[in-house]
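The values are calculated or read from the model by the stated rules, or taken from the named source; none is laboratory data. Not measured: the values here are computed from a predicted model. Note that each Cβ is placed from the backbone with ideal geometry, even for glycine, and that neighbours are counted across all protein chains shown.
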Amino acid sequence: MAGRRRGWFRSSGNDEWIEHARTALASAFLDMDRRQSAADAAVHASDQVFPERRMSARWEPVRDRCYGAAEVYVTLSGELDGAQRSGAPVPHGQQRVDAAVRQLTDAAHAVDEFYRGSQSRLEEAVAVLGAVPQLVRHVKVAAADVRGQAAESEFANYPSVRERTAAVDEALVTLEAIGADTPGAVREAANRLETAAKDLADALAQAPSRAAVARTAISSVTTRLAAVRTRAEGVAPAFSALLREFNAASSADLADNERESRRAIEAADAALVKARAAAAENNPEFALDLTTSARGFLAEAEQKVDAVTKRLTLLRAIRSDPQEHAKAVRFRLRDAQMLAVSRGLVAEWGSVLDAQAARIDRISETLSGRHPDYWAYVAELDAVAEFIAGVVDRMRKQAGPRRE
């Protein structure tokens, strides 16, 4: 009987220690698990709505630390259960329990440190993810409202309204097709639907003013067309003067400019006629598209006209003082040579720049005969100026001593 009593007391003492150890372990585990679960949920939310932040990559080593501590807890708890049933002691029990509690506590602190380091972004992600269902409901209601307005609008056939209505329909179908298990994709689709609905609302708001805008555009292009026609009348005389006064090669590339300018003007006129008709048929947006085309044709015509008249003006100026253009290029060359000296780059670029001086001299000598080729003269000098500019750019980017 006495032996049984001694065994009973040993079992009671072992049970008491085991219960105390189990309580300490469970408390540390539950505290860590609570923190880990909260952080896990926040990281999941971040991955769903802000995947570019790659929060899970930063969270993974902390989570693995928690898993390791939890594994130690589960293993030791199993041993304690077995010891309680058998009455056998747990080898180094107290030291192992203390170590497991420390490991669980350290893991919990690691979770806290991770969370504090990204708290604002994690809480933002949780809030955004939580608001997704409400966002979807709100966006759908707003889209349905503006879609209904478009269907009943007198401007429903305007291209801008039709295109944006189709965009709303497409965005709504896309949103409906996405499963709720991918809230990040749902949020993106909801935002696209919201944008499409706003664009449709803007189109409806602007529609009433489109007719007035079209009338103004037609009037403006009509005025510009008349001005270009007047300017185009000077192309033939200017080209004739080029042929009389200068080498034929100076204007060979402009031989078709009169015909091409006339063709562009006629195309602009035809687009303008169609624009007026579209405006009369209450289709101002098509009218605006046509006026845009007309402006493009007029810009082309102006370029063809200006190319002839400006060429004549330029060649006359060169003829009156041929060396003025050469002086300007020589001035750029001197600046480049001074830059080479100041940066200590004479050994590398000095001979290159000196060669340009000889090149300018040779170009200047080409102006001979009754009809010198002034256009070739200008083109060759411009090529030298461009080359010098390239050298200067390379020297400025090149490391070297500065004595400026």
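A few comments on the model shown:
- Leading residue by the ranking (nearest to Ala45 (Cα to Cα)) among those in the stretch 204-217 that are at pLDDT 90 or above and crowded, with 18+ Cβ neighbours inside 10 Å: Leu204
- Scope the stretch 235-259; condition crowded, with 17+ Cβ neighbours inside 10 Å and farther than 22 Å from Leu367 by Cα; matching residues: Val235, Ala238, Asn257, Glu258
- Residue check, Gln337 among the polar types (S, T, N, Q), in a helix (DSSP H, G or I), on the phi < 0 side of the Ramachandran plot and touching a Phe, Trp or Tyr at 6+ places or on another chain (Cβ under 7 Å): no
- Residue ID - nearest to the chain's Cα centre (by Cα), chosen from residues in the stretch 13-50 that are surrounded by 14 or more Cβ atoms within 10 Å (Cβ to Cβ) and charged (D, E, K, R): Asp47
- Flag for Ala88 being of a type outside the set (Lys, Arg) and in a helix (DSSP H, G or I): no
- Residue within the stretch 308-319 that is in a loop (DSSP other than H, G, I, E, B) and either assigned by TED's automatic domain parsing to the domain that holds Val392 or over 37 Å from the mean Cα position of the chain (by Cα) (or both) present: no
- Residue list for the stretch 339-380, filter: among the basic types (Lys, Arg), farther than 21 Å from Val392 by Cα and modelled with pLDDT of 90 or more: Arg362
- Residue within the stretch 89-96 that is more than 17 Å from His20 (Cβ to Cβ) and surrounded by 14 or more Cβ atoms within 10 Å (Cβ to Cβ) present: no
- Whether a residue is within 18 Å of Lys304 (Cα to Cα) and part of a helix (DSSP H, G or I) was assessed, and Asp199 does not pass this test.
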